[in-house]
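One structure is given here, and the rest of the page talks about it.
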Amino acid sequence: MASIELENVGLVFRVRRQRRIPLKEYVLQRMFRSSINPIVEVRSLQNVSLRIGEGERVGIIGHNGAGKSTLLKVLAGVYPPTSGRRTVEGAISSVFDFALGFEPHASGRENIRYRGYLQGETPRSIRAKLDSIIEFSELGEFIDTPVRFYSAGMRLRLGFSIATAIEPEILLVDECLSAGDLAFRKKAQQRMRETMDRARLIVMVSHDLEVIRGFCGRVIWMEQGRIRQDGLAADVIEAYWSSSGKSRPASDAGTLPPRAA
Amino acid sequence: MAAIQEQLAAIWKLRYFWLSLVRMDLQTRYRQSWLGIGWSLLHPIAMTVVLCTVFHKLFGLDLREYAPSILAGLCFWNYLTTITTQGCQCLLRGEPYIRQYPCPIAIYPLRVALGGMFHLLVALAVVIVLKWCLTGFGNPLALFSLIPALVLLFVFGWALAVLAGFANACFPDTQHLCTVALQILFYTTPIIYPAAMLHARGLGWIVTWNPLAACLALIREPILAGRVASLHDLGLVAATATAAFGAAIVTLLRLQRTIVFRL
């Protein structure tokens, strides 16, 4: 049974006001006890409690800085909670930033292997998927070119193709359905839908409410690091629209999510 | 103990990932060089030629003994400086992965230590061939004692890379401070001069209690003198490697979950 549970989770970033502090300065500060570069605490998440069970497709919405991506990274285990408890059952696959995490001097083909291994693939399993990943990325002969020569769009296509070739149990997705140009975006959305169909539990973050409505049955609305509302996608999105002081697009009216949790 | 076992299992699970990164580092380094792997040996060999010429003239040292000794010393020193400087960068280099995949942080220093050990092995093979060509081996069986010595050096190197990586993630001037420290250590370790010179001038304690000098003895004694290094040297290296390993494990257990906030 795949599940994720957070109990009263809080996350506080402790950052220096100016920059990372050199060792020499740190020692001097310790000696004289007068800090010219104090630590500032940023409360990114506060008292977040939720339980996501097997089969659920959950969207996370909210304004910039509301804590959506931070919450997703806490769910993924990238950020450890500074308070509260996180319990996960099942293997997590996360898709946060397709363009990140490439080895620039290695070719696209080699990077497929590195990313695949990081996602738990073996040489045999990645060999079986290699051709389909290359084909989907549309990189053609450039697949054997070092990634440092790729454009941003090429990196994005390659990253997306690798990330969605996995067999996920728990899939966490952050703002990634706008990958590439228009033609690739359509293909990417179809591919993402297939990946999601294979996953047993999905949590996705997006500013695109249409995408959230299309993919998710349950929506969590984040505001200033707290859960403002958690419920059926249609209800929460409606409330979010109302609170923003905007009227919904006509195409939204009466639309029901295609997939209920 | 359970936490360490869990980490080891996770590291093993990701073995294809970090092994492929080590392979890529080696390929990238030599891909565009017609000298290939010989390129990494060019620097210590050139230094050996220069130092042999100068020290032979100044102190009348026997080149057949001195040349393999200094080459072995420089190869070990290359290992140490590579581990320290690349170790400082290892977590920053792994940042894109750390920010996306919660995998054991220990794999990033492992990447550095494995790459460094590969170069050390190649360099030691050259030292062995050089020694064999110049004077031959009195006791080739002593070379087997290099195996535990290299295991200890690998453990020490990995631990050093862990400590350097975490220190540099917390304090950005770590690499600069390491460079200064290494420069001081270079002259207080018998790399370019024979240890006997210090003993003769009443400074033998610098060599006797210097763990880096003991590391050198573990490499030099079997290759150059055809005998196993002394128990004192072996004990000193083992104690240093154990202390560094312990410090690295404590650092990993205490900081690896929160290091992402420092990157």
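Each value in this text was obtained by applying a stated rule to the coordinates, not by laboratory testing. These numbers come from a predicted model, not from an experiment. Don't worry about glycine lacking a Cβ; one is built from the backbone with ideal geometry, like all the others, and counts go over all protein chains shown.
Could you work out the relative contact order of chain A? I mean the mean sequence separation of Cα pairs under 8 Å and 6+ apart, divided by the number of residues, in percent. Walk me through the intermediate numbers first.
Numbers: 465 pairs, mean separation 66.4, N = 261.
Computed value for chain A: 25 percent relative contact order.
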Item to complete: At 7 Å along the Cα-to-beta-carbon direction for both residue A:51 and residue B:258, put a label point, then send me their distance in nm to one decimal.
Response: 3.0 nm
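What percent does the relative contact order of region B:113-263 come to when contacts are Cα pairs within less than 8 Å and at least six residues apart? Provide the component values of the computation, followed by the final result.
Working: 117 pairs, mean separation 52.7, N = 151.
Relative contact order here is 35 percent.
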Practice prompt. Once you have the Kirkwood Rh of region A:10-163 from its Cα pairs, apply Stokes-Einstein at 37 °C and 0.692 mPa s and quote D in µm²/s.
Written response: 172 µm²/s
Worksheet item: Based on DSSP, what percent of beta bridges with both residues in chain A are antiparallel, to the nearest 5?
Response: 60 percent
Worksheet item: Given only helices, namely DSSP H runs of n ≥ 4 each adding -39500 (n - 2.57), what is the per-residue ellipticity at 222 nm of chain A, to the nearest 500 deg cm²/dmol?
Response: -11000 deg cm²/dmol
Worksheet entry | Residues of type lysines that residue A:186 reaches as a straight line, Cα spacing below 25 Å, ignoring anything fewer than 8 places off in the same chain | A:68, A:129
Practice prompt. Take the alpha carbon atoms of region A:187-210, find their center, do the same for region B:201-216, and report the distance between the two centers in whole angstrom.
Written response: 63 Å
Discussion item. Rounded to the nearest angstrom and ordered from largest down, what semi-axes does the equivalent ellipsoid of the protein assembly as shown get from its C-alpha gyration tensor (root of 5λ)?
Written reply: 53, 26, 19
Worksheet item: According to the Cα gyration tensor, what semi-axes, each the square root of 5 times an eigenvalue, does the equivalent ellipsoid of chain B have, listed from largest to smallest in whole Å?
Response: 34, 20, 18
Item to complete: Check each of the chymotrypsin sites (Phe, Trp or Tyr not before Pro) in region B:96-201 and keep only those in coil by DSSP with at most 15 other C-beta atoms within 10 angstrom; list them in order.
Response: B:137
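How would region A:54-117 be classified by its alpha-carbon gyration tensor: rounded, prolate or oblate, with rounded meaning a/c under 1.5 and the a/b versus b/c comparison settling the rest? Let's see the in-between values first.
Values: a/c = 2.14, a/b = 1.76, b/c = 1.21.
Prolate is the answer for region A:54-117, as a/c is 1.5 or above and a/b outweighs b/c.
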Worksheet item: Among rounded, prolate and oblate, which fits region B:1-98 when a ≥ b ≥ c are the square roots of the eigenvalues of its C-alpha gyration tensor, a/c under 1.5 means rounded, and a/b larger than b/c means prolate?
Response: prolate
Worksheet item: Shape of chain A from its Cα gyration tensor (a ≥ b ≥ c, root eigenvalues): rounded if a/c is under 1.5, otherwise prolate when a/b > b/c, or oblate?
Response: oblate
Worksheet item: Label-point separation (nm) for residue B:46 and residue B:232, each offset 7 Å from Cα along Cα-to-Cβ?
Response: 3.8 nm
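What FRET efficiency comes out for the pair residue B:250/residue A:234, r = Cβ-Cβ distance, R0 = 60 Å, nearest 0.05?
Values: r = 52 Å, r/R0 = 0.86.
Rounded to the nearest 0.05, the efficiency is 0.70.
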Worksheet item: Between region B:77-91 and region B:1-64, what is the C-alpha centre distance in whole Å?
Response: 10 Å
Worksheet item: How many nm is it between the label spots at residue B:209 and residue B:28, if each spot is 7 Å from the Cα in line with the beta carbon?
Response: 4.2 nm
Fill in: Karplus-derived HN-Hα couplings along region B:231-236 (A = 6.51, B = -1.76, C = 1.60, θ = phi - 60°), whole Hz, x at Gly and Pro
4, 4, 5, 4, x, 5
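Per-residue mean of other chain beta-carbon atoms within 10 angstrom of the beta-carbon, peptide A:91-98? Write down the numbers at each step before the final one.
Values: counts 0, 2, 1, 3, 1, 4, 3, 1.
Across the residues of A:91-98, the mean count of other-chain Cβ atoms within 10 Å is 2.
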Practice prompt. Evaluate the relative contact order of chain B (contact order divided by residue number), counting alpha-carbon pairs under 8 angstrom at least 6 apart; express in whole percent.
Written response: 25 percent
Discussion item. As a test of the formula, what do you get for chain B when each DSSP H run with n ≥ 4 contributes -39,500 (n - 2.57) and the sum is divided by the residue count, at 222 nm and rounded to the nearest 500 deg cm²/dmol?
Written reply: -25500 deg cm²/dmol
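What's the magnitude of the charge dipole for region B:113-255 around its Cα centre, counting Lys and Arg as +1 and Asp and Glu as -1 at the beta-carbon? Answer in Debye, nearest 20. Let's see the in-between values first.
On the way: 5 positive and 3 negative charges, 32 e Å.
Dipole about the Cα centre, nearest 20: 160 debye.
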Response to the item:
Taking r as the C-beta separation of residue B:137 and residue B:2 and R0 as 41 Å, the FRET efficiency to the nearest 0.05 is 0.30
